1. How about the stretch 15-35: which of its residues are open to solvent by 70 Å² or more (accessible area, probe 1.4 Å) and either in contact (Cβ under 8 Å) with a residue 60 or more places away in the chain or part of a helix (DSSP H, G or I) (or both)?
2. Name the residue that is modelled with the lowest pLDDT, counting only residues in the stretch 51-96 that are open to solvent by 40 Å² or more (accessible area, probe 1.4 Å) and touching a Cys at 6+ places or on another chain (Cβ under 9 Å).
3. Can you work out which of the residues in the stretch 36-50 that are under 19 Å from Ile61 (Cα atoms) and not in a helix (DSSP H, G or I) is least open to solvent (accessible area, probe 1.4 Å)?
Amino acid sequence: MPTRVWPQRLRTAFYWFLAAEFALGAVTKFWPGPTFTGPAYSVKFADWGYPSWFRFVVGAIELVCAVLLVVPGRRPRFLAAATLVLLLTAAVTTHIVNHDELYQSVAAPTHLVIMAAIGLANWPADWRDLLRRSPRNLSTAGDRL
């Protein structure tokens with residue numbers, strides 16, 4: 001077995017692990033009752049000063065980004081990482097403003113650094129590549145021009 005296979009497998013496993021974490025976080029935000037980390041997110045969001053329905057928005061964003069992290073290709077991973085960087089920046093700011101305990105505030109900055117690294121690793125060569133549709137088959141794409 002070639003030695004280049006293992007780094008690729010480790011990277012794929014890491015993306016799947018992160019996706020599972022964010023999917024679990026999304027499920028806990030949709031969960032109506034208390035979670036394994038404390039009270040219900042409807043209570044937490046109200047304590048933080050947000051409307052309780054806002055947890056559904058955050059959970060949906062986390063769930064979509066979790067799916068995008070495991071979709072092959074640099075474009076979906078970059079979009080997921082960039083979106084999660086924005087979301088996690090808001091989470092870190094919320095924890096700082098509300099003076100949350102350290103054990104509650106450690107996950108958001110850790111994941112923020114990880115997502116920033118993933119965003120940089122999947123950075124597009126050209127910003128216009130994010131908006132372009134890539135042709136499925138380059139040989140037939142030239143025939144249409």
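1. Trp16, Phe17, Leu24, Val27, Phe30
2. The qualifying residue modelled with the lowest pLDDT is Leu79.
3. Top of the filtered list is Ala40.
The values are calculated or read from the model by the stated rules, or taken from the named source; none is laboratory data. Worth saying up front: this structure is predicted, and the values here are computed from it rather than measured. Heads up, the Cβs are rebuilt from the backbone with ideal geometry, glycines too, and the neighbour counts pull from every protein chain shown. When the accessible area is computed, the model is the full protein with side chains, heavy atoms only, and any ligands, DNA or RNA have been set aside. Shrake-Rupley method; radii C 1.70, N 1.55, O 1.52, S 1.80 Å.
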